[in-house]
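Undergrad: A single structure is presented below for examination.
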Amino acid sequence: MFPYKEFQAVVLAAGFGSRMTELTRGEYKCLLPIGNIPMLWYPLQLLERAGFKEAIVIISEYMERVSLILNDLNLKIKMDFVVIENAENIGTADSIRLIHEKIHTDFLVIPCDLITDVDICEILNLYRKHNASITALMLPVPKVPNDIITPGPKNKQKPDTDLIGINNETGRLIFFASASDFEETIKISQTLLKKHPSFTIHSKLMDSHLYVINKWVLDFLVHNKNFTTLKGELLPYIVSKQFSKPPKQCVDDKSTSIVQMNLKKDIYSFSTEKPLNELIRKMSAFNDHDTDLEDAYYGDIIRCYAYIDNGKFGLRANTIQMYHFANTKISEWWNNNNGLFCLPNIAVTATLRSTQMENCRVDHNAVIDEKTSLKNTHIGPNVAVESTARISQSVLMEAVTVRQRCIIHNCILCNGSFIEENTELRNCIVGPMHVVESGSQYSHEVIMDPTDLVLI
């Protein structure tokens with residue numbers, strides 16, 4: 001492997017998890033454990049496997065301990081942590097704009113909550129092949145089996161649906177919008193239909209928020225501060241601009257000053273193709289279409305592509321449902337990838353006195369007493385489980401205490417929570433530092449102080 005001088009990598013990890021605040025009240029989103037490993041580890045390890053030697057990691061001003069925690073996870077990739085102030089109030093495009101001075105090449109953006117085993121090299125190759133403006137990773141929408149119940153109140157979560165139009169032959173991303181933007185019908189322009197007569201609009205693909213972005217797009221983003229998010233604003237805009245023509249400049253209008261022209265710089269002022277690339281394309285016999293004798297790409301300077309991988313697993317752990325699903329499936333994904341994630345199931349400093357443990361991961365300094373039964377459960381660091389407790393299909397975060405004769409099934413117990421003896425919890429979430437009184441019985445509830453509404 002060799003360091004990528006062609007691409008830089010940026011990991012977005014400053015978010016506060018607004019769609020899973022029941023969990024992020026006690027831990028930063030990027031440090032929430034999946035299989036006892038902070039979720040931020042997964043995209044970093046993905047980059048490392050692809051050959052990246054360095055990555056810019058954007059974090060919030062309050063996340064000083066992130067670097068310390070990652071140092072214990074045997075990552076070889078060098079991390080440049082960049083602190084963004086007031087991160088909870090800015091979007092992903094704003095974050096990229098704020099660090100633009102650190103980005104000198106084309107670059108890859110990846111969110112901290114992406115859990116997948118895709119080969120990043122394949123996405124980069126698609127980007128290279130077409131000298132794209134943006135190439136995005138699209139994955140099938142995760143299907144949660146009916147027998148996997150999300151902890152917390154019973155409600156049918158309706159995820160946002162994206163409408164993603166992709167050319168069937170070339171992978172060109174020709175349409176991108178949220179289904180909520182349309183009432184009944186979608187209008188497709190004649191220009192688009194002429195250039196791309198064979199395409200599919202997908203409603204069951206997930207935009208993974210992994211993008212390979214041309215440096216000129218960053219220059220445009222720095223100039224145009226109206227865009228705050230990558231997925232919601234910048235990507236749909238650039239996809240739509242593929243089929244527009246640059247405005248004609250009236251060079252004979254002497255009343256228009258050079259200063260006025262500079263103030264009106266649009267996207268076409270940034271998307272000019274390098275002369276050598278244009279010459280190579282014109283001299284080559286390559287063409288991306290066979291329906292007519294027009295130039296390759298129909299002369300489009302702005303070109304977006306989508307890489308679809310149906311054979312790999314992938315999800316974004318950005319909701320409680322997806323976070324719980326990731327913890328449920330992570331051991332299976334490990335086992336099916338030939339030791340892809342080489343971390344031990346049982347930490348050497350853990351104390352295990354129980355003989356009834358099945359498919360569990362136990363972290364550092366955890367103490368599991370005798371006569372306990374644990375199945376399909378992730379036990380975090382410094383957890384104490386006392387005798388005769390029965391725990392199954394659950395996540396116990398850091399410093400959780402479970403006293404004697406407790407029954408815990410399909411629950412998420414947040415940092416420092418304390419479950420007193422003879423308690424029965426099924427399909428519940430227990431908030432950070434919360435004490436569940438002895439003899440309590442809860443089902444499908446979020447158990448925490450109702451006044452605890454402020455994110456850390």
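Undergrad: What does the accessible area of residue 295 come to, in Å² to the nearest 10, when a probe of 1.4 Å is used?
TA: The accessible area of residue 295 comes to roughly 100 Å².
Undergrad: Ignoring everything except DSSP H segments at least 4 long, calculate the 222 nm mean residue ellipticity for the chain; use -39,500 (n - 2.57) per segment, divide by total residues, nearest 500. Kindly include the intermediate steps, with their values, before the conclusion.
TA: Values: 11 runs with 90 residues, N = 456.
Estimated from H runs of four or more residues: -5500 deg cm²/dmol.
Undergrad: Now, a different point. Can you work out the FRET efficiency for the pair residue 292 and residue 332, with r the C-beta to C-beta distance and R0 = 45 Å, to the nearest 0.05?
TA: Numbers: r = 48 Å, r/R0 = 1.07.
That pair, residue 292 with residue 332, gives E of 0.40.
Undergrad: Can I ask one more? Put +1 on the Cβ of each Lys and Arg and -1 on the Cβ of each Asp and Glu in the chain; which of 62, 287, 116 then has its Cα farthest toward the positive end of the dipole?
TA: 287
Undergrad: Then there's this: If you put +1 on each Lys and Arg Cβ and -1 on each Asp and Glu Cβ, how big is the dipole of the chain around its Cα centre, in Debye rounded to 20? Don't jump to the answer; show the numbers that get you there.
TA: Details: 46 positive and 54 negative charges, 149 e Å.
Approximately 720 debye in magnitude.
Undergrad: What are the lysines whose alpha-carbon lies under 22 Å from the alpha-carbon of residue 329, with same-chain residues fewer than 8 places away excluded?
TA: Qualifying lysines at Cα under 22 Å: 29, 143, 154, 156, 158, 204, 312, 375.
Undergrad: Pull up all non-local amide H partners of residue 448: gap of 5 or more, or a different chain, and H-to-H distance under 5 Å with H placed in the peptide plane.
TA: When sequence neighbours closer than 5 places are left aside, the close amide H contacts are 431.
Undergrad: Hey, with R₀ at 30 Å, roughly what FRET efficiency would residue 388 and residue 65 work out to, going by the Cβ-Cβ distance, to 0.05? Intermediate values should be presented prior to the final figure.
TA: Working: r = 35 Å, r/R0 = 1.17.
After rounding, the FRET efficiency stands at 0.30.
Undergrad: Near residue 194, which lysines are there with a Cα under 20 Å away, not counting those fewer than 8 places off in the same chain?
TA: Result set, ordered by chain and number: 241, 245.
Undergrad: Determine the gain in length on full extension of the stretch residue 348-residue 364; use 0.36 nm per residue of separation and subtract their C-alpha separation, reporting nm with one decimal.
TA: Working: separation 16, 0.36 × 16 = 5.76 nm, distance 0.70 nm.
Contour length minus Cα-Cα distance gives 5.1 nm.
Undergrad: On a 0 to 90° scale, report how tilted helix 120-130 is relative to the longest principal axis of the chain, with both axes built from alpha carbons and the result rounded to the nearest 10.
TA: Computed tilt is about 10 degrees.
Undergrad: Same structure again: Taking a label point 7 Å from the Cα of residue 143 along the Cα→Cβ vector, which residues of segment 291-315 have an amide N closer than 20 Å to it?
TA: 308-315
Undergrad: Also, I was wondering about something else. Of (i) -0.31, -0.81; (ii) -0.42, -0.92; (iii) -0.50, -1.00, which is the value of log10 I(q)/I(0) by the Debye sum over Cα atoms at q = 0.07, 0.11 Å⁻¹ derived from the coordinates here?
TA: (ii)
Undergrad: Taking Cα atoms, how many degrees apart are the long axis of helix 320-335 and the longest axis of the chain, rounded to 10 and kept between 0 and 90?
TA: Here the helix axis deviates by roughly 90 degrees.
Undergrad: Follow-up question, since we're still on this one. Check cross-link reach from residue 102 to the aspartates and glutamates: straight Cα distance under 13 Å, and skip same-chain residues fewer than eight apart.
TA: 54, 80, 219
Undergrad: So, one more: Between residue 204 and residue 281, how many nm apart are label points set 7 Å from Cα along the C-beta direction?
TA: Between residue 204 and residue 281, the label points sit 3.5 nm apart.
Undergrad: Could I ask something else about it? Could you pull the accessible area for residue 328 with a 1.4 Å probe, rounded to 10 Å²?
TA: 70
Undergrad: What is the spin-label model distance, in nm, from residue 215 to residue 86 if the labels are put 7 Å beyond Cα along the C-beta direction?
TA: According to this spin-label approximation, the distance is 3.0 nm.
Undergrad: If you don't mind, another one. Multiply the residue gap between residue 125 and residue 99 by 0.36 nm, knock off their C-alpha separation, and tell me the result in nm, one decimal place.
TA: Numbers: separation 26, 0.36 × 26 = 9.36 nm, distance 2.55 nm.
Fully extending the segment from residue 125 to residue 99 adds 6.8 nm.
Undergrad: Still on this structure, please answer the following. Give the long-range amide H neighbours of residue 175: residues separated by 5 or more places, or on another chain, with amide H under 5 Å away, using H modelled in the peptide plane at 1.01 Å from N.
TA: 165
Undergrad: List the residues, sorted by chain then number, that are 5 or more residues from residue 314 or on another chain and whose placed amide H is less than 5 Å from its amide H.
TA: none
Undergrad: Can you tally the net charge around residue 61? Count Lys and Arg as +1, Asp and Glu as -1, for every other residue whose Cβ sits under 12 Å from the Cβ of residue 61.
TA: Values: positive: none; negative: 64, 85, 88.
Net local charge, residue 61 excluded: -3.
The values are calculated or read from the model by the stated rules, or taken from the named source; none is laboratory data. Quantities reported herein were computed from a predicted structural model and do not represent experimental measurements. So basically every Cβ, Gly included, is an ideal-geometry build from the backbone, and we count neighbours across all protein chains shown. Side chains included, ligands, DNA and RNA excluded: accessible areas come from the protein's heavy atoms. Shrake-Rupley method; radii C 1.70, N 1.55, O 1.52, S 1.80 Å.
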